[in-house]
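Below: the structure, in structure tokens.
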Amino acid sequence: MLYNERNYRDESVLAATQQIMIAARTAPKSRGVDLVEVCTVTGEEKQRIVDEMRRIAEEENIQFFFRDALNLEQAQAVVLIGSHCQNLSLNCGRCGFATCAAKPTAVPCVFNTIDVGIAIGSACRTAMQLCVDSRVMYSVGRAAQNLGYPDNESDYVCALVLSVSSKSPFFDRK
């Protein structure tokens, strides 16, 4: 039996996303409170994100959204990592308010955002270990959040776009 790697790229990336999502899930969380949501998007749902990115680029005249939409289109999958906004009762003042009680609901707790960053770092490390090209993209996260990914309650979403090809689409971007 002969198995050509080219015939299994999509399956291989999808298998890698399982380990990447585990890395994001098991990343340390502030105070041990897990507010992180993680999912993988491929196929038609990924194309919906591409379309939303192009809509944002057009309506808001943000050119790099067009470039990033092309990168997402060339990629096999995207792992989305988001967080629910919840005070952790640390009263640290890092959000600009003296206490958590004084912080308006619309202002995110910095620790929720930090948790997303730590999860993204763990996911990136795992993608690198699995030899999967990846790039963290705010633009993809924003478009995905508009569409309700990874869930409708996530207040902050970041994306790790994944590709397996002979040359990374995330290098030499125009």
Which semi-axis lengths, in whole Å and largest first, follow from the square roots of five times the eigenvalues of the Cα gyration tensor of the range 1-74?
-> 27, 25, 9
Could you order peptides 109-117, 97-105 by the average number of other Cβ atoms within 10 Å of their residues, highest first?
-> 109-117, 97-105
Quick one, could you list the DSSP H helices from the chain stretching 15 Å or more along their long axis (Cα atoms) with average Kyte-Doolittle hydropathy of -1.0 or above?
-> 9-26, 63-74, 110-129
Among (1) 16.2, 57; (2) 16.9, 56; (3) 17.2, 66, the entry matching Rg and Dmax of the Cα atoms in Å as calculated here is (3)
Mind checking which lysines have their C-alpha under 27 Å from LYS103, skipping anything on the same chain fewer than 8 residues away?
-> LYS29
Could you run the Debye sum over the Cα atoms of the range 77-143, one equal point scatterer each and no solvent, and tell me log10 of I(q)/I(0) at q = 0.16, 0.29 Å⁻¹, two decimals?
-> -0.64, -1.25
Any idea how far the Cα center of the range 109-174 sits from the one of the range 85-107, in Å?
-> 26 Å
Within the chain: Cβ-based charge dipole about Cα centre, in debye rounded to nearest 20 (Lys, Arg +1; Asp, Glu -1) | 540 debye
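We did not get these values from a lab; they are worked out from the coordinates using the rules stated. Given the structure is predicted, the values throughout are model-derived calculations rather than measurements. Positions of Cβ are generated from backbone atoms using ideal geometry, with glycine treated the same way; all protein chains shown enter the neighbour counts.
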